[in-house]
Amino acid sequence: MSRRRTEWIVVLFAALFAALLVFSFRPGRRPSSARGGRESLPKAPAGSEAGEATTVLKGFDYKENVGGKPLFHIQSERTVGFGPAAGLMPNLYALEKVTLTVYPETGEPVTVHADRATYDHRTNEAHLSGNVRWIDGRGALGETEKIDFQPSARRLIAPAKIRLTRGTFSLEATSGEYDVAKREARLGGPVRGTGSGEETGGLSALSADGALYRREESLVELAGSVSGESKSGSRIQADRLLLKMEGEGGSRLEWARAEGHVRGRIAADALPGKSAPGASRPSQRYAGDHAGLTFAPDGSVRTLSLSGSPATVDEPARRLRANAIEVAFEAGRARSAKAQGAVDIESEGSQGEAETATMSLSPAGAVETLDLSGSVKMISEGRSATADRAVQVVDQGVWILTGAPGHSASADGDGAKVSAARIEIDQKRKNLRAEGSARAVLTSKQSGGPLATPVGDRSKPVFAKADRMTFDDASRVATLSGNATLWQEASSVFGNDITLNDAERSLAAVGNTRTVFAGATGPAGAPGNVRPAAAAPGAARRATPDRDRHPTVVTARQLIYREAAPPAVATPPPAVPTRAPGAAGVGAPATAVFEGSVVLTSAEWRASATQAVAEIGPERRLEKVTLTGGVVLVDAKEGRSGRAERAIDWPAEGKTVLEGSPASVVDREGNRVTGATLTITKRGGSVEVTAPEGGRTETIHKTRSS
């Protein structure tokens, strides 16, 4: 396994420690004495029970068996026995150049070497001292000043400092103990390790208050202020770290678990993947209550998991918070990650919340896709969104939001709030597409300009619905397709498709359009607001503005609404509103052109024409309406009708002009007025008739029969 891949194992230091501990208690060869040949006899054991030296032996070799199985085997090169008197069996032995082998019930024996030892024949206890050491077959050396063997408890106890060395890495503990029966090794703290990192996959330091190795289960436990650091600067800290070993003799890690105040850092140089030339990779910091890793047979990481309240993974450009985080690896590189429970993801300019998040990663560690699900909330580049599920395709710059069954996803920003069964946000092209019962609330853009629509109050939002909607921020165009409707209170525009162009300040509706102007705010004096007067004296009646109190409905095959460029406004100083309160309804003059089978209806009044052009003033009040092409007017309430080639109405003046060859008005009694031009004022109170050039006018007044 390469150094970089090994360093990605955040708890690598523990793996090394486990290897040291495992191999330290394996049998090994007996090293030669560092002191050379020495002919002096071993010194007598301290204490009154030693007695007199009764036996002098060149060597000593004793093996204790229980039930036919060996318990221990002790050997030495020089020996002196001490007992009550000469000729009697010695009770104590002073040994030099000692080898002690202890046999467990199962598994390999443990062999320890020392310069000196005392052996009590009565209790079988042995006390080894002076350059006590043991070596495994892979070059790990263990050293201490004293080891006590307690055969009754089947324990080896090192009461003094222990030093374990492998290559350039060394580990020290204040004491140690090995339970032969349980096959457990325990190190007393503080436990400290240091090294250059050359032979240890980059590990340079580790520490703990204590350590325990359960050989039967191949488990290593570090406890109390556990910390480790790699040569590149990666770190881990925890209250407790548990390691599971596998393979022959527990030679490799199967999994690792850290518990309690887990925190650390993965240094930039230890991250998988390569940086772009000249670019520096950011380091990652992590924290949680628990952490776990699993490992492949080659030693590379399979999974890394964190849990906490919350667990966190941070780097300068991105933060991840969740109750649980799991990262999966391929060939030592992180390729996917999953977070569950109160997920919170923050990056530059964006934030996301969800119940669950999954992401796929490139070999260099960059996010390729991100999938959020469950109560999703997002804020990004001035937009906010909610959904049951949100999927991001990073290289395409696309977000796809979907709602739960029976519910909609929603997104807002730049003057619009949209909801639909499915919403797609293209960040590169700066557009948004919504489909499936799409709904929207349109407000004044962030620039402060009013909406370019012919309905409603400019200071209030306009509502929209359609089968599909598209909002293009780059071109500032919104398209509503399939049963599209815009409305505000009682005013509305309907069409098969509606397009709003904020850049051109226009709106186009096509296909069976229907526009409703509510009450006096619409064309209250719309074309045909005509009350034709009888030609006979006294026949004139005062018009009442009934249609001012009723909505006007206009149907046509097509509607084109266009506003003139708004007047220039001086840039206000900071903290000064761009519009004065109450001025939101003021805008530029506009024109609404209705074409194709145009029909206007208000209360019992109706007009039809080929085309109608409505001129709307800055305050969105209808100033003038012109109808052309076979104009027919009907006022069912007053029993009057009219025909003209062209009709012009000025609602504010209560004036309508009918033009034709000729134009005519007829009431229910059959009274008829014709002329080239009929100018009707006072809402039908008077009619001025103008004859065509070289022609004549005609008035027919029918009298009632007696």
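Some notes on this structure:
- For region 318-331, 3J(HN,Hα) per residue [Karplus equation, 6.51 cos²θ - 1.76 cosθ + 1.60, θ = phi - 60°, Hz, x = Gly/Pro]: 7, 10, 10, 10, 6, 5, 8, 10, 9, 10, 9, 10, 10, 6
- Based on the Stokes-Einstein relation at 10 °C and a viscosity of 1.306 mPa s, and on the Kirkwood radius from alpha carbon pairs, region 66-138 is assigned a translational diffusion coefficient of 119 µm²/s.
- Sorted peptide list for 141-152, 63-74, criterion being average Cβ within 10 angstrom, highest first: 141-152, 63-74
- Proximal aspartates and glutamates to residue 637, defined as alpha-carbon separation beneath 14 angstrom and excluding residues fewer than eight positions away on the same chain: 546, 604, 667, 669
- Here residue 192 sits with roughly 110 square angstrom of accessible surface, probe radius 1.4 Å.
- Rounded to the nearest 10 square angstrom, residue 487 shows an accessible area of 80 square angstrom against a 1.4 Å probe.
- Taking all protein chains as they are arranged and a probe of 1.4 Å, the heavy atoms of residue 417 leave approximately 110 Å² accessible to solvent.
- Those trypsin sites (Lys or Arg not before Pro) in region 630-682 that DSSP places in a loop and that have at most 16 other beta carbons within 10 Å: 637, 668
The values are calculated or read from the model by the stated rules, or taken from the named source; none is laboratory data. All values derive from a computational prediction rather than experimental measurement. Heads up, the Cβs are rebuilt from the backbone with ideal geometry, glycines too, and the neighbour counts pull from every protein chain shown. To get the accessible areas, we keep the full protein, side chains included, count just its heavy atoms, and leave off ligands, DNA and RNA. Shrake-Rupley method; radii C 1.70, N 1.55, O 1.52, S 1.80 Å.
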